[in-house]
Amino acid sequence: MTTLRIGLLGTGPWARRVHAPALAAHPGVELTGIWGRRPEAAAALAQVHHTRPYDGPDELFAACDAVAIALPPAVQAPLAVRAAEAGRHLLLDKPVATSVPEARALAAAADRAGVASVVFFTARFGEQEGEWIAAQAAAGGWFTAHADWLGSVFAGDSSSPYAASPWRRAKGGLWDVGPHALSVLLPVLGDAEAVTATRGPADTVLLTMRHSSGAASTATVGLAAPAAAAGVEITLRGTAGITTLPRRLDGPEPAYHRAVDALLAAAATGLPNACDVHFGLRVTEILAAAEETLSPLMPLEA
């Protein structure tokens, strides 16, 4: 297989900004078509990228080898199960689901079908960040780590296209940016054997974890930080000293291109990617365990 036919599910801001342009430009991919919950949006996006809209997801599955999904997690999970059952490889967004049963059903469906899967964690597929994560995992000897992953999507003066996202309003930063923090901490420090969580202002959550390596970590995640306080910083401390995750300057698009490369490799070789659906499942399990220790999040007003 020299070219992978990929169909895109989703037409929102993330699909328009990242998924569709990157898939259309990738030399190893044919963007077969687009399906969305709003047919007019699918038609418009398909026209921009010189492909065709589909009336239903199953029709799109029949026309492609793989699907890329840019939909809310509660919509993504059951559609991804259907795509896997149709024998289609999976390029998923994080979190793969916000319920453990849905995430487990998705992983089981991918296993039964023998399809390749990649979950797009931006830090894991960023060139500098990916190299840094691999180097720190190889070095070992880490004692503690702290991550701040704070956005200003819900800040009072936010102009973010994601500010009105219903699932983000309902689930908050724990589920939107929490997966990013875990995607860096887990490969370096090992699986989280225990996790607790404390709620801060607005949707902010402080996670505390003990890892299989013996290291302890904390992570502050949220989407309502003032713009001047927003940002990403992850610091490790151990026998090698102190090191900090390099900051990405090139946006998510190059990282998505590398995620597509990873799916192509997994589909061609049959070898699982480190960020496959099982890693996505583990992230969901950890976040669900953390959420159980929290008081309910009141939905944020739009």
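The values are calculated or read from the model by the stated rules, or taken from the named source; none is laboratory data. Predicted, not measured: the structure shown is a model, and the values here were computed from it. Glycine also receives a Cβ, built like all others from the backbone with ideal geometry; neighbour counts cover every protein chain displayed. Ligands, DNA and RNA are excluded from the accessible area calculation, which covers all protein heavy atoms including side chains. Shrake-Rupley method; radii C 1.70, N 1.55, O 1.52, S 1.80 Å.
Where does the range 191-302 land on the Kirkwood hydrodynamic radius, alpha-carbon pairs, in angstrom?
Working: mean 1/r = 0.0586 Å⁻¹.
It works out to 17.1 Å.
For helix 39-48, report the angle its Cα long axis makes with the longest principal axis of the Cα atoms of the chain; keep it between 0 and 90° and round to the nearest 10°.
Rounded to the nearest ten degrees, it is 90.
Enter the angle in degrees (range 0 to 90, nearest 10) between the Cα long axis of helix 252-269 and the first principal axis of the Cα atoms of the chain, meaning the one along which they spread out most.
70
Got a sec to turn the phi values of the range 92-109 into Karplus ³J(HN,Hα) couplings, 6.51 cos²θ - 1.76 cosθ + 1.60 with θ = phi - 60°, whole Hz, x for Gly and Pro?
With the stated coefficients, the range 92-109 comes to 9, 9, 8, x, 5, 6, 9, 10, 4, x, 5, 5, 5, 5, 5, 4, 5, 5 Hz.
So what is log10(I(q)/I(0)) for the range 1-86 at q = 0.10, 0.13 1/Å, when the Debye sum runs over its Cα atoms only?
Once normalised to I(0) and log-transformed, intensities are -0.20, -0.34.
Given a 1.4 Å probe and heavy atoms of the protein chains only, how would you sort 169, 52, 282, largest accessible area at the top?
52, 282, 169
Ordered by residue, what ³J(HN,Hα) values in Hz, to whole numbers, does the range 197-205 give under the Karplus form 6.51 cos²θ - 1.76 cosθ + 1.60, where θ = phi - 60° and Gly and Pro are x?
Along the range 197-205, the couplings run 9, 10, 7, x, x, 6, 9, 5, 10 Hz.
Under the √(5λ) rule applied to the eigenvalues of the Cα gyration tensor, what semi-axes describe the equivalent ellipsoid of the range 80-184? Give them in Å, descending.
Details: eigenvalues 136, 107, 31 Å².
Its equivalent ellipsoid spans semi-axes of 26, 23, 12 Å.
Let's test the formula: R0 of 35 Å, r as the Cβ-Cβ distance of residue 242 and residue 285. What FRET efficiency results, to the nearest 0.05?
Working: r = 30 Å, r/R0 = 0.86.
Approximately 0.70, to the nearest 0.05.
Tabulate in residue order the Karplus-calculated ³J(HN,Hα) for the range 125-130, using 6.51 cos²θ - 1.76 cosθ + 1.60 with θ = phi - 60°, rounded to whole Hz; enter x for Gly and Pro.
9, x, 4, 5, 5, x
Can you work out the base-10 log of I(q)/I(0) for the range 1-159 at q = 0.19, 0.20 1/Å, using the Debye formula on its C-alpha atoms alone?
So the normalised log intensities are -1.21, -1.28.
Need one number: the % of Cα-Cα pairs in the chain sitting beyond the 33 Å mark.
For the chain, the share of Cα pairs beyond 33 Å comes to 21 percent.
On a 0 to 90 degree scale, rounded to 10, what angle separates helix 73-85 from the longest Cα axis of the chain?
Tilt relative to the chain: about 50 degrees.
For the ranges 74-83, 105-114, 40-49, what's the packing order if you count other beta-carbon atoms within 10 Å of each residue, average per peptide, and put the highest first?
The packing order, highest mean first, is 74-83, 105-114, 40-49.
What is the dipole size for the chain, taken about its Cα centre, with +1 at each Lys and Arg Cβ and -1 at each Asp and Glu Cβ, in debye to the nearest 20?
Taking the Cα centre of the chain as origin, the dipole is about 100 debye.
Using just the alpha carbons, could you tell me how many Å³ per residue the convex hull of the range 141-245 encloses?
Hull volume normalised by residue count: 93 Å³.
Enter the Cα centre distance for the pair the range 243-300 and the range 177-223, rounded to the nearest angstrom.
14
Applying a 10 Å radius around every beta-carbon, put 153-165, 257-269 in order of their mean neighbour count, most first.
257-269, 153-165
If each DSSP helix of 4+ residues adds -39,500 (n - 2.57) and the sum is divided by the residues in the chain, what number results at 222 nm, nearest 500 deg cm²/dmol?
Computed mean residue ellipticity for the chain: -12500 deg cm²/dmol.
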